[in-house]
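Written below as structure tokens is the structure these notes are about.
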Amino acid sequence: MAEKPEMTEVSEAQIASHWKEEDYYPPTLKFVAQANMTDETIYDRFSLENVPDCFKEYADLLDWYKYWDEILDTSDAPCYKWFKGGLINASYNCVDRHLAKNRNKTAIHFVPELEEERVDHVTYQELWVRVNEFAALLQDFCGLKAGDRVTLHMPMSAELPITMLALCRLGVIHSQVFGGFSGKSCADRIVDSGSEVLITMDAYYRGGKLLDHKIKADEAVEEATKQGQKVKKVLVWQRYNGKYSAETPMVEGRDFFVNDVLKKYYGKRVEPVKMPAEAPLFLMYTSGTTGKPKGCQHGTGGYLAYVTATSKYVQDIHPEDVYWCMADIGWITGHSYIVYGPLALAASTVIYEGIPNYPDAGRCWRIAQDLGVNIFHTAPTAIRALRKIGPDEPAKYNYDFKHMTTVGEPIEPEVWKWYYHVVGKGKAAIVDTWWQTETGGFLCSTLPGIKAMKPGSAGPGMPGIHPIILDDEGKEVPSGEGKAGNICIQNPWPGMFQTIWGDRDRFVRQYFERYCKNPNSKDWRDWPYLTGDAAIMADDGYVRILGRIDDVINVSGHRLGTKELESAALVVEEIAEAAVVPVKHEIKGVEPDMYVSLKPGYEASDEIAKKVQKALINEIGPIAKARKVWIVPDMPKTRSGKIMRRILAAISNGTDVGDTMTLANPEVVEAIKKMA
Ligand code: WT7
């Protein structure tokens, strides 16, 4: 499949419509006095010249069975191997090694949505017991061993990290699919990863409703089977010990309630498997420029070292902190900064069920108050929503944040200021962390104990991460000139993904080909990493991210490929062509607008529009629902037949469509405009 990402230049208007730069906000002295990282020389130690050796410092935060021989193996560039020769286990590093000092400390606070249910506080000792028992089950009952893949489709629960940690204890590669995704999405990932075991949960609460989740496993297995992937076992955790569960029946011989089978393994212990540092730890599927999601493959030693160090220096996590990242574990943020990073540092990590604004606008702040949360991590979409529904709520609760994070999309300075003054009560340091599923951990952010904050701007490159802005010809766009370009990273770092599962060509094509200086080179300096974002670098080195340059849209901080959405619409019998464009939305950042044209012989109707919405939900999940389905007489097209999404986007956003004279069918634009 030809898949050269198309780069559209960011227009001057797009830049002008972006906000003006704001003042600096220094962290408080109180914060700095306790911060994990206040040594400015870290930037020199992690200079470009010192890559890759500088990252030894990060790896030394972990416990190794065997230290590595070579810090970075570039012999298969740009597929790198970090800490080659090292032996390590992620489960050991997140659980076992904390028992000596922190046995009785809470590792996980699970906050159920129902307020009549109590918060589940899982200590490190308890986590160790539960991880061991479940690992024993996986090994004995499922016959799983190092290198096998297992798909998880679990909602937010304490059982989800327990499952992940049990799998990596055995060296089994986990692939967690966001719980809100459909059975069909889950099936595609089961097939691509070749998973023979699916782990799910019967039900969960969301916004006051008990959702039947098991039913999606049935759909997933049915669809995966059609695609030729045999799923031998479906393990079904029961939410909160089955007190509230779903009705969907179990399939004899295939489906098993974990809570029943586990009884046989009570008291069992499993030694962590000594894994090569470069062995894959997990796959995380994300959207790209084609319809097929790609499995970003993250390695064990490099990934864990990077998320542990960034959790320590950027999130400022100390073992005595109560840390709450509101993301879902089904996204990379949850993997890196709910599970692996915080647990590797022996922190208490909060996992909550439900949504931020149910049963009321005070829920988040009540949780923060009741659990003593002092580090808070969320996304602009949630901040905008909380600001809208309860701007004065935070003041009513008695919590004390020292640190807050924003991640996932650019944050408007106005929203940033509410976050700072109202949520953070003017005391918390804020980091705006820019990164991606592919990158494992932060690329740009301030180090909160060293650098001042700048609203609306992610910080400079992290220590050891050297961003560069390149124009379409590959020339560096100098900082401080206010010009946008394609932001790339000049060097490899331990957290970066190793490849796309089963598709090295796509990995190289999509992320490296564009600016590769020599395709035969084994020198990492010849392989700048293309992030796919447009950005501007100010003369202080701080980076402002403008958004994606490829066919990916970012809804509420979640990546959706336009091709994926369009393919979903094409499942509907009547649809001939589909085109998706992003529309500005007050809370979500953007929402998809779906344009469809019909096959000959069909008439536009509400019913067809409804079918399209249903297809989006079934094929992908409710997150993919369009703001509006436009049934158009034809798509505006170039003479070569290419759909002009730019024009559709202008119509959806009510902006100027610009010149349409080069189109093959300019009259269609007028017709569509009338529908707005
Ligand atoms: C894309 C990656 C990072 C984990 C969650 C999303 C956008 C991410 C920021 C930020 C502006 C941001 C970029 C990036 N993005 N963080 N702080 N400021 N934009 O991971 O789903 O892989 O999406 O999200 O466009 O490429 P993802």
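Restricting to the chain, what percent of DSSP beta bridges are antiparallel, rounded to 5?
Approximately 60 percent, going by the DSSP bridge assignments.
Give me the number: length gained by fully extending D140 to T41, i.e. 0.36 nm times residue separation minus the C-alpha to C-alpha distance, one decimal in nm.
30.7 nm
My understanding is that a pair violates if its Cα-Cα distance is over 24 Å; which of K637/K673; K233/K263; K483/K625; K232/K263; K417/K628; K584/K673 do that in this structure?
K483/K625; K417/K628, as the Cα separations exceed 24 Å there.
Does the chain come out rounded, prolate or oblate by the C-alpha gyration tensor, with a ≥ b ≥ c the root eigenvalues, rounded set by a/c under 1.5 and, if not, prolate when a/b is larger than b/c and oblate if not?
Numbers: a/c = 1.37, a/b = 1.16, b/c = 1.19.
Verdict is rounded for the chain.
Alpha carbons only, please: Rg and Dmax for segment 637-676, in angstrom.
Over segment 637-676's Cα set, Rg and Dmax evaluate to 9.4, 26 Å.
On a C-alpha basis, how far is the centre of segment 46-124 from the centre of segment 303-372 in Å? Whole number, if you could?
15 Å
Which of the chymotrypsin sites (Phe, Trp or Tyr not before Pro) found in segment 193-293 are loop residues per DSSP with 15 or fewer other Cβ atoms within 10 Å of their Cβ?
Filter output for segment 193-293: Y266.
Could you work out how much longer the chain between N104 and E116 gets when fully extended? Use 0.36 nm per residue separation minus the Cα distance between them, nm to one decimal.
1.8 nm
By the gyration tensor of its Cα atoms, with a ≥ b ≥ c the square roots of the eigenvalues, what is the shape of segment 556-675: rounded for a/c under 1.5, prolate for a/b over b/c, or oblate?
Oblate, because a/c is 1.5 or more while a/b does not exceed b/c.
Which FRET efficiency value, to the nearest 0.05, is calculated for K209 and K673 with the Förster distance at 41 angstrom and r the Cβ-Cβ distance?
That gives a FRET efficiency of 0.55.
Distance check, please: which entries in K268/K292; K425/K588; K84/K184 exceed 30 angstrom between their Cα atoms?
Among K268/K292; K425/K588; K84/K184, the Cα-Cα distance tops 30 Å for K268/K292; K84/K184.
Label segment 41-120 by shape, choosing from rounded, prolate and oblate, from the square roots a ≥ b ≥ c of the eigenvalues of the Cα gyration tensor; if a/c is under 1.5 it is rounded, and otherwise prolate applies when a/b is larger than b/c, oblate when it is not.
It comes out prolate by the Cα gyration axes.
Among the aspartates and glutamates, which fall within straight-line cross-link reach of K563, defined as a Cα-Cα distance under 17 Å, with same-chain neighbours fewer than 8 residues apart omitted?
Partners found: E3, E6, D188, D550, D551, E577, E591, D593, E619.
Semi-axes of segment 467-549's equivalent ellipsoid from the Cα gyration tensor, sqrt of 5 times each eigenvalue, largest first, rounded to whole Å?
24, 13, 12
Every read-out reported here was derived from the displayed coordinates using simple, explicitly stated rules and does not represent laboratory data. Since the structure is predicted, the reported quantities are computational estimates derived from the model, not experimental observations. Ideal geometry is used to build each Cβ from the backbone, glycine not excepted, and the neighbour counts take in all protein chains shown.
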